[in-house]
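Scroll down for the structure; my scribbles are underneath it.
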Amino acid sequence: MSGSAGRLFLAVDPPATAVAHLDRALAPLRSAPGAPRWTPSARWHLTLLFLGEVPADRLEPLVTAVAPAVAAAPAMSLQLSGAGRFGSRRRPAVCWAGLAGDVPELTALAGRLTGAARGLGLPVEDRPFRAHLTLGRWRPGQPADGDLPERLAGYRGPGWPVPEVVLWRSHLGPEPRYERVTAWTVG
């Protein structure tokens with residue numbers, strides 16, 4: 001079997017109530033000078049592991065390998081909390097919302113997922129997992145206000161239980177979209 005199963009990633013998705021709460025808090029910043037290019041809230045995910053292009057013959061083994069990694073996770077509750085940026089103040093790259101709650105457990109889960117993918121020979125980034133929700137990206141060469149995330153420093157959203165880990169397929173293009181491949185129950 002050849003070909004690709006597509007660009008895949010594993011994520012936890014905040015519920016609609018948490019997304020709407022953060023979306024309202026973000027509203028005053030959306031048109032601020034130097035704001036990033038905002039990601040539509042319908043595409044917000046807490047990415048645990050980005051896999052990129054996965055060979056089609058690796059999809060079924062991946063689904064099988066992820067199941068015990070998720071099954072080992074305890075019940076978790078999270079809360080979108082605060083904000084920050086990747087990149088410097090002068091050259092910010094990504095604006096993100098942070099997390100509070102069972103972040104150590106989420107980080108351990110991300111580590112198990114990375115181990116499962118590596119065990120199948122899938123290439124994964126070799127950098128520590130940092131729990132965050134990407135809100136937007138600044139474009140190189142465009143005006144950028146690297147202090148903007150500080151306006152959300154005191155943000156605290158509603159808490160929510162993590163019901164599942166989802167395997168998503170991303171379709172790139174002018175209007176990127178995500179297709180749910182499968183999911184595993186947490187806890």
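Data table
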read-out	value
Accessible area per residue in Å² at 1.4 Å probe, computed on region 4-52	42 Å²
Calculated FRET value between ALA72 and PHE50, using beta carbons and R₀ = 22 Å, to 0.05	0.60
Estimated 222 nm signal from helices in the chain, with DSSP H stretches of n ≥ 4 weighted -39500 (n - 2.57), rounded to 500	-7500 deg cm²/dmol
Accessible area of region 55-103 belonging to carbon and sulfur atoms, whole % at 1.4 Å probe	52 percent
Accessible solvent surface per residue of region 82-128, calculated while the other protein chains remain in place, 1.4 angstrom probe, Å²	54 Å²
Rough spin-label spacing in nm, given labels placed 7 Å along Cα→Cβ, for HIS171 and GLN142	2.4 nm
Vicinal HN-Hα couplings computed from phi for region 76-83 (Karplus, 6.51 cos²θ - 1.76 cosθ + 1.60; Hz; Gly/Pro x)	10, 10, 10, 8, 6, 8, x, 7
Apportionment of accessible area to carbon and sulfur, region 114-187, percent (1.4 Å)	49 percent
Chain lengthening between ASP126 and ALA20 when straightened (0.36 nm per residue, less Cα-Cα)	34.9 nm
Accessible surface ranking that places the most exposed of ARG139, ARG43, ARG37 first, with a 1.4 angstrom probe	ARG37, ARG139, ARG43
Local electrostatic count, GLY52, Cβ distance below 10 Å [Lys/Arg +1, Asp/Glu -1]	-1
Distance (nanometres) between label positions extended 7 Å along Cα→Cβ at THR182 and ARG151	4.4 nm
Label selected from (1) 18.2; (2) 19.0; (3) 17.3, the criterion being Kirkwood radius over Cα pairs in Å as computed here	(3)
Paramagnetic reach from SER4 in region 25-61 [backbone N under 17 Å; point 7 Å along Cα→Cβ]	50-60
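The values are calculated or read from the model by the stated rules, or taken from the named source; none is laboratory data. These figures come from a predicted structure and were not determined experimentally. Backbone-built Cβ (ideal geometry, glycine too); neighbour counts: all protein chains shown. Heads up: the accessible areas ignore ligands, DNA and RNA and are worked out on the full protein's heavy atoms, side chains in. Shrake-Rupley method; radii C 1.70, N 1.55, O 1.52, S 1.80 Å.
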